[in-house]
Every structure is written in structure tokens, then in C-alpha cells.
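A short write-up of the structure that comes next.
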Ligand code: AMP
């Protein structure tokens with residue numbers, strides 16, 4: 001029997017960030033927004049911010065910003081950046097957060113590719129903008145977010161002043177009716193290969209992603225939390241946390257330009273009673289060292305979201321011993337970024353807990369995942385053994401890039417190819433093996449650079465380790481470790497000790513050909529190990545010397 005289609009009788013309510021702003025205004029007036037600045041702590045509330053957001057929207061309109069125009073920000077995590085997060089998308093334009101750690105030529109490419117019309121810049125970041133002047137023709141207006149008391153900048157073209165612009169506008173703005181499919185924000189991938197590509201989030205995707213972030217079994221941020229996002233506001237919208245905080249009504253604490261400094265993180269977290277931190281592993285490696293050194297602790301912090309790279313076991317254990325609970329999450333700019341979270345069910349045996357927390361977790365509600373064979377494209381079983389490329393689909397997953405780059409990223413049947421290689425257990429726990437481009441092919445077999453790095457970082461004298469595959473005449477590629485000794489063991493740990501340590505922990509043929517000690521692992525613009533730089537500068541393997549090890 002054929003079933004007649006009957007329409008549901010629910011409202012066609014457009015999902016947009018205006019709803020988040022509505023909640024901020026109506027429900028969370030008293031919640032604080034705190035920023036560390038050079039001259040001290042800046043303190044405001046959502047209630048005080050809302051009229052400023054309205055004024056900012058008025059100013060954007062006055063300087064000619066129209067729906068769909070890209071408005072770029074070159075800014076730290078701070079209260080003005082949060083105002084821009086709301087005003088730009090809610091008035092119909094597109095918030096384009098620029099990564100302030102990129103080289104000038106990348107910034108130039110990105111601004112031109114996005115055809116940004118207006119650029120908001122923090123005064124301390126003007127030196128980054130200077131080399132771009134004359135090379136970014138689409139920018140019609142630059143707005144300076146000046147530091148109070150700082151001298152006016154020299155050698156810059158005419159710029160508008162943020163506070164003067166706001167002062168000239170009204171406390172209320174007639175927010176336009178938006179369609180949920182409209183672009184709200186834009187972020188570029190970090191461009192580890194080739195030029196960065198623009199990911200364009202819609203109001204709908206941001207709204208649903210925000211709801212996803214808030215779920216208890218996902219990132220679970222709540223109204224009683226005090227959020228301190230170390231992750232920059234330009235890295236995949238700070239993992240969606242600023243909007244989640246606005247939706248839930250969490251107090252927010254920003255580090256301004258002090259985000260890379262463990263002492264500042266700890267002091268600010270202590271002072272503002274932070275309960276919820278978020279950032280990449282390298283941040284927590286530094287923070288753990290500082291806590292151990294000073295004997296300080298952060299007992300109010302209940303969650304430390306850690307993603308962007310795999311969490312090394314040694315880091316998870318150290319943080320546990322310091323009373324800081326890491327919540328491991330996986331995602332990418334193209335997935336808004338939340339893709340999976342490693343929550344452990346209550347009935348898990350204690351001896352299995354750590355192992356599950358170290359996986360990339362289970363795919364988040366709203367997103368579907370599969371792994372496929374790289375050659376045949378066939379879907380692989382979730383048996384914890386077979387590994388292949390992760391593909392995902394869902395309402396906050398990209399279907400393409402701005403300007404149509406890389407159309408092959410979407411499979412014919414509509415799944416996004418992530419470029420991450422993983423296995424999935426029957427219970428759905430994802431274990432990332434590597435990026436497709438980082439996996440080491442040795443004698444026809446694969447070596448996971450991620451697993452090898454984790455094994456090396458478990459050595460008590462090692463602080464950081466990155467592994468790359470280098471060409472080898474006989475084996476095609478062989479692993480080489482770049483290791484950084486903990487400061488107290490500098491010069492006191494050698495190649496043989498590491499290799500000896502690895503025996504029995506990894507397959508014999510995974511034991512690296514060489515362990516090279518360096519002072520610091522180069523980092524990408526978002527704080528991940530930059531293997532591209534290691535590869536570019538790597539001297540070839542000394543072949544023939546250590547053949548025995550691989551037999
Ligand atoms: P980005 O777009 O800069 O955030 O980079 C996304 C990439 O970072 C992913 O495709 C992964 O390769 C890597 N990544 C993110 N989170 C994790 C994680 N928890 N474990 C391993 N790799 C990760």
C-alpha cells in the first residue's frame with residue numbers, strides 16, 4: 001500500500017546565529033566576558049556587549065557592508081573579536097577569521113581568494129598587515145582596534161577607529177531576516193599541502209553545530225561553566241565554543257595575545273575560576289610542565305578539551321596526575337570542526353578507560369562516518385583491524401570549498417573525504433592511524449607515524465617527538481624520529497636508549513632508523529607538529545649502517 005506523504009505542521013523557523021544573539025541578550029545579561037590585555041584585565045558582561053554588537057552592525061552597514069560581503073578579522077581572542085563574531089553574521093555578512101600565525105604570502109592569498117571587503121585588525125597585529133599593503137585590492141576599509149593609551153600607528157594608510165565607529169551608532173539595530181542557508185562565517189584550512197582552501201559555514205550549519213557542541217555526551221559545555229578557550233578564534237571558529245558559550249550562557253575568559261604562555265593560562269584560569277579549557281596537545285604539554293615546576297594546580301577545571309592532533313598517552317597520564325581531565329576530540333576545519341568525542345560509558349572496566357579516552361572517540365550525533373579502502377573505495381568493516389580513509393557526512397560537514405577548489409573532496413555519493421586514515425572498533429571507537437600523507441610506507445607495509453610518536457613520547461626523558469618517513473633505497477621509506485628531550489635531560493638521552501625503549505612496544509620493523517635530537521619540533525600556524533618543515537630540511541638516512549634492526 002502506498003503511503004500518502006503528509007507534511008508536518010511545524011514552523012519553518014530559520015536556524016541562524018541571530019537566535020544565539022537573542023539568547024545572549026535576553027537570558028545571559030549578567031554573564032561576564034573577561035579579556036587579558038597588556039594594561040590589565042578587561043571586564044564586561046554580555047549585557048554590556050549587546051548594545052555594542054548592535055552599534056557594530058550599524059557601523060558595518062554605514063561603511064557599506066552588504067549581505068554576503070566578507071569581513072575579515074585579524075585579531076586575538078578578545079571581547080571585540082566576540083562582538084565581531086555576532087555583528088558580522090547577524091547583519092548578513094560573512095565573518096572571515098584570519099589566522100595570525102600565517103606567513104604574509106598565505107594571508108595575501110587568503111584575503112584575495114575570499115575577496116574580503118573590510119578588515120578589522122588588532123593594533124598589536126599591525127606589523128603583520130604592513131607587508132600586505134598594496135597587495136590586497138579588495139579591502140576597501142581597514143578598521144583599527146586600538147589598544148587604550150597606545151600611540152597612533154605610523155606608516156599605515158588611513159584606518160577607521162573601532163571605538164569611534166561604535167560611538168557614532170545607535171544601541172539598537174534592525175536585524176534583517178536571514179535565510180538559514182546564507183553564509184555566516186569562513187575559515188581557511190591550515191594549508192599543510194598547497195594553498196589554504198576556504199571553508200564556508202552557513203547559519204544553519206553553525207546553529208546545528210552549536211547545539212551539537214552543547215550536548216552532554218559531546219563537548220557538554222554548560223551555563224555553569226567558565227570557558228577559557230586557548231584555541232584561537234581563527235581556528236575553526238575556536239571549535240564552535242564561543243557560540244556554544246553564548247547559547248548556553250557560559251562566562252568566557254580570553255587570553256588576548258598571551259595564549260602561548262602557560263603561566264598566563266594558569267594565572268587567568270585561577271583568577272577567573274575557569275572550569276573548561278580547550279586547545280591542542282602542545283599547549284597542554286607546556287601547561288603540564290609549568291604546573292609540575294610550580295606545584296600549582298587548577299582544581300576548578302573539570303574538562304580540558306584536546307584535539308587538533310592525537311593526544312599522546314604520556315600527556316593524558318600526566319594531566320590526570322595533575323587533576324586535569326582531558327576530553328579527546330577529533331575534527332577538522334571542514335567539519336566545523338566537531339567530528340567525534342572520546343566519552344567513556346559508565347560501565348567501562350577501569351582497565352579499559354584510558355585506552356578508550358586515547359581513541360578519537362565515537363562519531364558525534366548528527367554526523368555519519370565510514371572508512372573506505374584507499375584503492376577500491378569499498379567500505380571497510382568496523383572490526384578494529386581494517387583501516388582506511390575516514391569519510392563523513394552531516395549538516396555541519398563541508399560539501400565544497402570557496403571558489404570550487406578540490407571538487408574531488410566529495411565522493412560521488414556525497415561523503416566528505418577527510419584524508420585521515422583510521423580503524424573503527426565494533427563499538428564505534430575511532431582510532432586514527434595517520435594522515436594519508438604522513439603514513440610511512442616501508443617494504444609494502446604501513447607504519448603509523450602517530451603511534452610511533454606516542455610510543456617515543458612515553459619515554460620519561462622525552463618532551464616531544466615527531467616522526468616522518470624518509471626515502472630508502474631498499475624499503476621505499478623508513479621512519480626517522482625527531483625528538484626533543486625534557487629540559488632536565490638535555491644531552492643525557494641518546495638514540496640507542498630510545499630504540500631500546502621501543503623494543504617490545506612497537507613491531508620490530510617499526511623501530512626507527514634514526515633518532516635525531518632537536519631543540520624544538522617546528523609547529524604549524526595552529527600549533528601542530530609541522531612535518532612539512534621537518535621533511536623539507538631532513539638530511540637523508542644513512543643507509544646500510546643499521547640493516548640488522550629491520551630484519
Ligand atoms: P585542522 O583543519 O587544522 O583542524 O586540521 C584537521 C586535521 O587535524 C584532521 O584532519 C586530523 O588529521 C588532525 N586532527 C584533528 N584532531 C585530531 C585528533 N584528535 N587526533 C588525531 N588527529 C587529529
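The values are calculated or read from the model by the stated rules, or taken from the named source; none is laboratory data. Bear in mind the structure is a predicted one, so any value in this text is a computation, not a measurement. All Cβ positions, glycine included, derive from the backbone under ideal geometry; neighbour counts span all protein chains shown.
Quick notes on this structure:
- Qualifying residue in the stretch 341-348 (condition: within 11 Å of the ligand (Cβ to nearest atom), buried (at least 21 other Cβ atoms within 10 Å of the Cβ) and not in a helix (DSSP H, G or I)): yes
- Counted residues, the stretch 113-136 - those being within 18 Å of residue 66 (Cα to Cα) and either surrounded by fewer than 18 Cβ atoms within 10 Å (Cβ to Cβ) or out of contact with any helix residue (DSSP H, G or I) (no Cβ under 7 Å at 6 or more places or on another chain) (or both): 5
- Test for residue 322: is it over 22 Å from the mean Cα position of the chain (by Cα), at pLDDT 95 or above and more than 16 Å from the ligand (Cβ to nearest atom): yes
- Among (1) over 30 Å from residue 105 (Cα atoms); (2) touching a strand residue (DSSP E or B) at 6+ places or on another chain (Cβ under 7 Å) - the single one residue 172 does not satisfy: (2)
- Applying the set (1) part of a helix (DSSP H, G or I); (2) within 26 Å of residue 13 (Cα to Cα) to residue 270 leaves exactly one unmet item: (2).
- Residue check for residue 453: outside any helix (DSSP H, G or I) and either modelled with pLDDT of 90 or more or over 30 Å from residue 103 (Cα atoms) (or both): no
- For beta carbons closer than 8 Å, sequence separation of 6+ or different chains, a first residue in the stretch 312-334 that is in contact (Cβ under 8 Å) with a residue 24 or more places away in the chain and under 30 Å from residue 201 (Cβ atoms) and a second that is near the ligand (Cβ under 6 Å from one of its atoms) and part of a helix (DSSP H, G or I), the qualifying pairs are 331/236; 332/236; 333/236.
- Search result, residues across the stretch 349-377 that are near the ligand (Cβ under 10 Å from one of its atoms) and in a helix (DSSP H, G or I): 358
- Some residue of the stretch 498-515 being within 27 Å of residue 380 (Cα to Cα), touching a residue at least 40 places away in the same chain (Cβ under 8 Å), over 28 Å from the mean Cα position of the chain (by Cα) and surrounded by 18 or more Cβ atoms within 10 Å (Cβ to Cβ): yes
- Looking across the stretch 169-199, the residues that are more than 14 Å from the ligand (Cβ to nearest atom) and not in a loop (DSSP other than H, G, I, E, B) come down to 183, 184, 185.
- Extreme residue, farthest from residue 365 (Cα to Cα), among residues of the stretch 325-336 that are more than 10 Å from the ligand (Cβ to nearest atom) and part of a strand (DSSP E or B): 326
- Single residue of 166, 160 found to be in contact with a strand residue (DSSP E or B) (Cβ under 9 Å, 6 or more places away or on another chain) and either surrounded by fewer than 21 Cβ atoms within 10 Å (Cβ to Cβ) or more than 27 Å from residue 114 (Cα to Cα) (or both): 160
- Checked against the criterion of being within 16 Å of the ligand (Cβ to nearest atom), touching a helix residue (DSSP H, G or I) at 6+ places or on another chain (Cβ under 7 Å) and in a helix (DSSP H, G or I), the candidates 244, 310, 314, 278 yield just one match: 314.
- Within the stretch 501-515, the set of residues being under 17 Å from residue 470 (Cβ atoms) and part of a strand (DSSP E or B) comprises 514, 515.
- Residue match in the stretch 400-407 (condition: within 30 Å of residue 111 (Cβ to Cβ), at pLDDT 95 or above and part of a loop (DSSP other than H, G, I, E, B)): yes
- Count of residues meeting criterion [buried (at least 23 other Cβ atoms within 10 Å of the Cβ) and within 14 Å of the ligand (Cβ to nearest atom)] in the stretch 439-448: 1
- Flag if residue 238 is under 24 Å from residue 40 (Cβ atoms) and within 16 Å of the ligand (Cβ to nearest atom): yes
- Output for the stretch 474-488, where each listed residue is more than 18 Å from residue 448 (Cα to Cα) and surrounded by 14 or more Cβ atoms within 10 Å (Cβ to Cβ): 484, 485, 486
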